[in-house]
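The values are calculated or read from the model by the stated rules, or taken from the named source; none is laboratory data. What you see is a predicted model; the values in this text were computed from it and never measured. Glycine gets a Cβ as well: all are built from the backbone with ideal geometry, and neighbour counts include every protein chain shown. The area values use the complete protein model at the heavy-atom level, side chains included, leaving out ligands, DNA and RNA. Shrake-Rupley method; radii C 1.70, N 1.55, O 1.52, S 1.80 Å.
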Amino acid sequence: MSRLAITVPLNEDETLSSFCSRIASANGIGSAREFCFHMRLDYKKLNDGTPDAIGHLARLTGQDHLALEASAIVRNGDAYYIRGNRFTKGQILRGRVRFCPCCLEDDYRRQTGYGRSRPYGRILWSLSSVLTCPIHDVFLCEGNDPFGAQTGYDFIQMLADTVAGDPMLSPRLPGHGEFDKYVSDRLVKGRAVHDWIDSLPLHVVSRVTEHVGGMLLHGLKFNVTDLDVRQRLKAMNAGFAVMAPGKAAFVEYLRSHHQRIMEGMGDFGGRKLYGRLYEAIGHGKLDPDFDTIRKIMIDTTIDHLPIGPGDNLFGPVERRKWHSVHSASRTYGIHYRPLTRYVAAAGIATEDLTADRILVDVATMDAIAASIKQGLTPPEARKMLNVNLATWGTLLQNGIFSPITPDGTTPRFARGDLQGFLDMLTSKATESFSGKSDLVNLMTARRMARCTVAEVVELMREGALARVSVNPDKDAFQAIYLDSEELKARVRGAEVGGIPVYKAYQELKMSHSTITKLSAAGIIPTFRAKHPENRNLQTFITPEAIEEFRRKYVSLFVLAEQRGLNVRKLKYALKAAGIEPALTREQHGASFYLVEDVEKAL
């Protein structure tokens, strides 16, 4: 087949489809599809960038075959390739015409030949991530209807059919795109200007840049589809500012999310950490082109957060550098409370941090866990302390010891906790032991002082007892000797200013049940308070209340005793004088007369 007599020059940054469209227009043919039909050129194969179609067009136009290949957008399944750079289907826009009105004006002014064939479609205009013209710093314009013309990649026809009016008169909205300039330098001019991102596939840089910028400006859960073109440009520029300086800057960006997650609650999931970026490169079948980015994200997370085997970040995590108390509790099967205490004892800050936010390197946590896991069963722990079951129960109930194993499992207790407790007790000794001393062992002193073991332990922990001795012939808990009188004084509660009801009956010379009835009737006021010796809640009567009752009332029994009279005879005498009890036996358990009535009668 002979060469065409009329052709057009191929521009360095022009797409193959645009070149074909312009040749058709220069030859007066209505569409690129019709031109290909006449030239026996497969239109679909040409737009897919197949070698035989490119070769056919090269022979028709006399263009260099390699130059045409460099202009082709090559389709391979769902992937597209431009000059060796892979793009996904969503990153290529060919059904809607996009253009820079300033570039079209330059084309009409600088190009030669038939006027309609002068403007050409740029490779950059086919990329969805490119939003501005890197030459004129204006936003790209788009046709109004992507499907109305049904022209499919025919740049000249799409420009005529889907753009209202003269496309050169389209609004020229200023827009500066740093990423757009980078794509132009890399894809069109073939210049490498940023070492690290130049090593990454261009479609990877595009995807990561947009999501990083979007999250910086709109939060982790932003949607690209919710952004207008100006917001997208700001996001691309913000993301490019993170990516362009290199890998270290990208790592620092990832770490900025770690502080937020460490101040919050919950697990360190990929979505919670890295939002839309994680979703964009971690869903479905993982694109191997993103392996470098994913590895950086995995390594950065492992190097600074407590994740490891058993966790998932783009798949199972294979190594661990840090443990939290929470993750260590699950890994080693140790309850988080004692584990937290041991971590704090190792000099690692735990104040105001929850168990999943306290970080410890793996080697240190391994050593801590190994020391804790030499745990004792409850019988073994009691034997080590040399205490009976009741005392052991009291120590547990008051939180002096707690299991190192998780809830719901067989409790085990750290030998170090038990030994530390015994060391604390013996370290409080203030005098040497003597068999002739008036000191008694701790349990005897506790009974004499009428207090609990927990109270004794707390006083010793505070160093509040002046006389403490250790019997070298006794073992563990039983070796501690105390002054019972000192202990009694230390644990005695505050005076309540009253007499216990069980003792007041002696003062009032009436039965306990009678006092109870009088109290219930409000005649003798009582109050509830803790007894200063045993700290049990008891009922008390103030001396003032007793004295007030005596001034007002007198029982028949007390009156007979005072007068030296027979109770029965006294009762009849009072009745004969017209004096009846103010408080009756039936209601109050005893008969009481008003003192003033009795004094008048007798």
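Points to keep in mind about this one:
- Diffusion coefficient, µm² s⁻¹, Stokes-Einstein with Kirkwood Rh over alpha-carbon pairs of segment 437-539 at 25 °C and 0.890 mPa s: 154 µm²/s
- The gain in end-to-end length when the LEU389 to ALA67 segment is fully stretched comes to 106.7 nm, 0.36 nm per residue minus the alpha carbon separation.
- Unpartnered cysteines - no second Cys beta carbon under 4.7 Å - across the chain: CYS20, CYS36, CYS102, CYS141, CYS451
- What the phi angles of segment 180-194 give under the Karplus curve with 6.51, -1.76 and 1.60, with θ = phi - 60°, is a coupling list of 4, 5, 5, 4, 4, 4, 7, 8, 8, 8, x, 9, 9, 10, 10 Hz, glycine and proline written as x.
- Shape class for segment 372-518: oblate, because the ratio a/c of the largest to smallest gyration tensor axis (alpha-carbon atoms, square roots of eigenvalues) is 1.5 or more and b/c is at least a/b.
- Most positive-pole-ward Cα, LEU41, VAL558, ILE546, against dipole of the chain from beta carbon charges: VAL558
- Selection from ILE334, LEU254, GLY315 lying farthest towards where the dipole of segment 246-349 points positive, charges on Cβ: ILE334
- Entry note, the chain: the mean residue ellipticity at 222 nm calculated from DSSP H runs of n ≥ 4, each adding -39500 (n - 2.57), is -13500 deg cm²/dmol after division by the residues and rounding to the nearest 500.
- Calculated FRET efficiency for the pair LEU217/LYS295, C-beta based, R₀ 25 Å, to 0.05: 0.45
- C-alpha long axis of helix 51-61 to longest principal axis of the chain, angle in °: 40 degrees
- Placing +1 on the Cβ of every Lys and Arg and -1 on the Cβ of every Asp and Glu, with no other charges, gives the chain a dipole of roughly 1560 debye about its Cα centre.
- Applying 1/(1 + (r/R0)^6) with r as the Cβ-Cβ distance of LYS247 and ASN76 and R0 = 35 angstrom yields a FRET efficiency of 0.75.
- Segment 432-526: Lys pairs at Cα distance under 30 angstrom, eight or more positions apart or on different chains: 6
- Accessible area of the chain divided out per residue, in Å², using a probe of 1.4 angstrom: 50 Å²
- Seen from a random direction on average, the alpha-carbon convex hull of segment 474-527 projects onto 6.3 square nanometres.
- With Cα atoms, 0 to 90° folded angle of helix 415-427 axis to the chain main axis: 40 degrees
- When peptides 72-81, 476-485 are ranked by their average number of other Cβ atoms within 10 Å per residue, the highest-first order is 476-485, 72-81.
- Amide hydrogen neighbours beyond the local backbone of ALA582, cut-off 5 Å, H modeled: PHE592, TYR593, LEU594
- When the P(r) is computed for the chain, the part past 48 Å accounts for 53% of the Cα-Cα pairs.
- Compared with the direct C-alpha span, the chain from ARG319 to LEU286 gains 9.8 nm at full extension, assuming 0.36 nm per residue.
- Between 0 and 90°, nearest 10: helix 202-218 axis offset from the chain longest Cα axis: 40 degrees
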